[in-house]
1. From the list ALA4, ALA80, ALA61, which residue is small (Gly, Ala, Ser) and under 11 Å from the mean Cα position of the chain (by Cα)?
2. Which residues, taken from the range 17-70, are within 14 Å of THR5 (Cβ to Cβ), free of Cβ contacts under 8 Å to residues at least 60 places away in the same chain and among the hydrophobic types (A, V, I, L, M, F, W, C)?
3. Restricting to the range 50-59, name every residue that is more than 21 Å from PHE21 (Cβ to Cβ) and touching a helix residue (DSSP H, G or I) at 6+ places or on another chain (Cβ under 7 Å).
Amino acid sequence: YLLATTFLYFKRCSTLKTMVFNQQNFFVALYIANEMEEDEDDYKYEIFPWALGENWSEEFAVFFQWRDSMLIDLDFNVIAEKSKCDEVFYMYFM
């Protein structure tokens, strides 16, 4: 459901409608989805090497700026209803 939630965030972001859907925005949305949906915090930190590369610890703060920008663009509406995730899941992943 994390991928479905990530997709829903892309649909909700007003600035992303005109921006390129890129790797940076994908990982930021995936991180937010992980923060909201998962109970295990350790797994969300596995996103950083994929999103920021080998020297991810040096760019850690920038990632959180990107996250904050996306949260503002989402108007902090980060709750994804299960029914919406199911729709996305069945539409794209089945």
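Each reported figure results from applying straightforward, stated rules to the coordinates on display, with no laboratory input. As the structure is a computational prediction, the values presented were derived from the model and not from experiment. Cβ sites come from the backbone with ideal geometry, for glycine too, and all protein chains shown count toward neighbours.
1. Numbers: ALA80 fails: under 11 Å from the mean Cα position of the chain (by Cα); ALA61 fails: under 11 Å from the mean Cα position of the chain (by Cα).
From the options ALA4, ALA80, ALA61, the qualifying one is ALA4.
2. Hits for the range 17-70 are PHE26, PHE27, VAL28, ALA29, LEU30, ILE32, ALA33, MET36, ILE47.
3. Taking the range 50-59 as the starting set, the residues that turn out to be more than 21 Å from PHE21 (Cβ to Cβ) are 54-58.
If the condition is that a residue be more than 21 Å from PHE21 (Cβ to Cβ) and touching a helix residue (DSSP H, G or I) at 6+ places or on another chain (Cβ under 7 Å), then TRP56 is the only one that fits.
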